[in-house]
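Taken together, the values in this text are just the output of simple stated rules run on the coordinates, not laboratory data. Predicted model only: the values in this text are computed from it and were never measured. Positions of Cβ are generated from backbone atoms using ideal geometry, with glycine treated the same way; all protein chains shown enter the neighbour counts.
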Amino acid sequence: MSVNYAPILWNRQKKRYDRIMLGLIALYLILFAAFQLLFRPEISPETIIIRATATLAFLMLHLILMIGPLCRLDHRFLPLLYNRRHLGVTMFLIALIHATFSIIQFHALGDVNPLVSVFTSNINYQSVSQFPFQVFGFFALLILFLMAATSHDFWLDNLGPRIWKSLHMMVYFAYALLVMHVLLGVLQQEGYPAGAALLGVGMAAVTGLHLAAAIKGKRMEDRPAGTAADGFVPVCRVDEILENRAKVVIIRQENIAIFKYDGKLSAVNNVCKHQNYRWVKARSSTAASPAPGTATNTGRKTVSLRPPLQKRSLLTM
Amino acid sequence: MILKLRNRHRYTWIVLGLLLPAGFALGLACRPGPVLPNEELIREAPLYSEGQAVASAMDEDWNITLYRAPDGQAWLEAQFTKAAQRPVSTLYLAPQSGAVPARGKAIGPVGPRGIYRYPLDSLTASWPEYYLFFYDQVRHQAYSETQLTKSR
Amino acid sequence: MEAFVTLVVNLFLFYLLLGLLFALVFAWKGAGAIDAKAIQASWFFKLLILPGAMALWPLLLTKWIAKSKRS
């Protein structure tokens, strides 16, 4: 932990992540504008900006929401999680451009305050097909703003993990609002089924991945660990953990990572700071100790854990 | 994630997994049918050359004339001099004033700058009076109602 | 309807305006007062926490007051 907050903790990986992200964003915007100009040459620049930023931000939100469950399902996706924070803030900025241009183009021409006009220009609140979909977008943007504004570690430290995480879990609510924003907005005016089909695929992917990850997590929780002896629960054999790698186990429904490095084992709750981590105590013992499912006298050692403790524990094998 | 958070995620997605498809189905089911002629159809409408102007109206941003040809074909020619300030708008023609879409006829979408020809059926073309107005599809609001003045 | 929405929107804007005034003071003084790691932070860091302070100012104000009472 550094003594002072840095605005952004840059490192080589983060810079690479951001460069790839910005490159893909630029590519998307250029391709989108080119296709629009090709098929509808009469289109105005404002309309291109509104459409390009809308589709891009919504696409990015889908990616952002899929990264979490993908990583829980398969660890090869972890590099995507590494700088999800910058992805999220960038997505908010793009959504903000969409909102600003839309409000100027659709709501700033009358003598009513544009923000008031978002809520009152169409008051068919009892209708489905004519519902003022802009309202959904407004509240979703508000949530995304709060999340982007509190992305820095300063906020995690000073709001506390509970408030911070609750705030950031509101992204799911924002996603639901945005689905309705798209569904009752552009999809009501469009005659082609492609838009609805794309939205359906995106929704199914996000929901499906989250449910799949939830089922996988539940299965791991339900898998019984060995029986506890003097507070230590045997979880696996030492040779199941590769050198300089970690293995994730669940005991008493706590997610715990056991690391092996420099001939040492170390265990810690496998959660980030914003999720209230605690250290756990670990030890290794020869297989002769009570460890169901382990052959005796094979020379293999068993890793046992005793959660939770306040201090990290190291042990030699 | 710790257990409490995992459970919160789990319940959130069980609820969303039910609500999102329900909202999706409802939103699609309530879609209005295609009320507008396709933009492509308007573009490809034949160029009538021998029309006679029947009635017309003008505004700062547009100039709209109803034409009829000797063979009975009729069309509305619209010249938009400025890009539409409300881009997602529909042009309507009605036999009486009031600017009620249900009592009028949707002629076609309002395009950006340029000249557009919207085909009319002969029944519409023989109304005794013509009122045109625009309908903003985003705000669901009619605006700029004008009566077409008959040519002599 | 319109009068009600106008009132709510104006209250919202007023909240943000107060938030902006608070955030300016908070970024330069308050952040360091409630968190020692923010005392010597750069101007870019201060700029980064400005929007959040603007939105969550009642929460931060309580924390700031509580902290200054304790010390």
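Scan region A:1-55 for chymotrypsin sites (Phe, Trp or Tyr not before Pro) in coil per DSSP, keeping those whose Cβ has at most 13 other Cβ atoms within 10 Å, and list them by number.
Qualifying residues, ordered by number: A:W10.
Under a 5 Å amide H to amide H cut-off, with H placed in plane at 1.01 Å, what residues pair with B:L120 once short-range neighbours are removed?
B:A74, B:W75, B:L76
To make sure I understand, if each residue's beta carbon is the centre and we count other beta carbons within 10 Å, what order do A:H62, A:H210 fall in, fewest to most?
Fewest-to-most Cβ neighbours within 10 Å comes out as A:H62, A:H210.
Residues with beta-carbon under 11 Å from that of B:A125, excluding B:A125: net charge, scoring Lys, Arg +1 and Asp, Glu -1?
+1
Under the Karplus relation 6.51 cos²θ - 1.76 cosθ + 1.60, θ = phi - 60°, what is the ordered set of whole-Hz ³J(HN,Hα) values for region A:149-159, x standing for Gly and Pro?
5, 9, 6, 5, 4, 3, 6, 4, 5, 9, 8
Give me a comma-separated list of calculated 3J(HN,Hα) values for region B:51-63, in order, Karplus coefficients 6.51, -1.76, 1.60 applied at θ = phi - 60°, integers in Hz, x for any Gly or Pro.
Coupling constants for region B:51-63: x, 10, 5, 9, 8, 8, 8, 9, 9, 4, 9, 8, 8 Hz.
Mind checking A:41-48 for the average number of partner chain beta-carbons within 10 Å of each residue's beta-carbon?
Per residue, the number of nearby Cβ atoms from other chains is 3 on average.
Mind jotting down the distance between the C-alpha centroids of region C:18-71 and region A:149-176, whole Å?
Spelled out, the Cα-based centre of one part sits 17 Å from the other.
Roughly speaking, what % of Cα-Cα pairs in region A:12-221 are separated by over 27 Å, rounded to a whole number?
37
Starting from the Cα coordinates of region B:81-151, work out the convex hull volume and express it per residue in Å³.
96
Quick query: amide H of A:V233 versus all other amide H atoms, modeled in the peptide plane; which residues come in under 5 Å with a sequence gap of 5 or more or a different chain?
Excluding prolines and chain starts, which carry no amide H, the hits are A:L305, A:R306.
Between Rg and the Kirkwood Rh of chain C, both from Cα atoms, what is the Rg to Rh ratio?
Ratio of gyration radius to Kirkwood radius: 1.12.
Provide Rg and Dmax in Å for region A:124-191, with only Cα atoms included in the calculation.
Calculated on Cα positions, Rg and Dmax stand at 15.3, 49 Å.
Given just the C-alpha atoms of region A:74-162, how large is their convex hull per residue in cubic angstrom?
Spread over its residues, the Cα hull of region A:74-162 gives 170 Å³ apiece.
What FRET efficiency would be calculated for the residue pair C:R70, C:L24, taking the C-beta separation as r and a Förster radius of 25 Å, to the nearest 0.05?
For R0 = 25 Å, the calculated efficiency reads 0.55.
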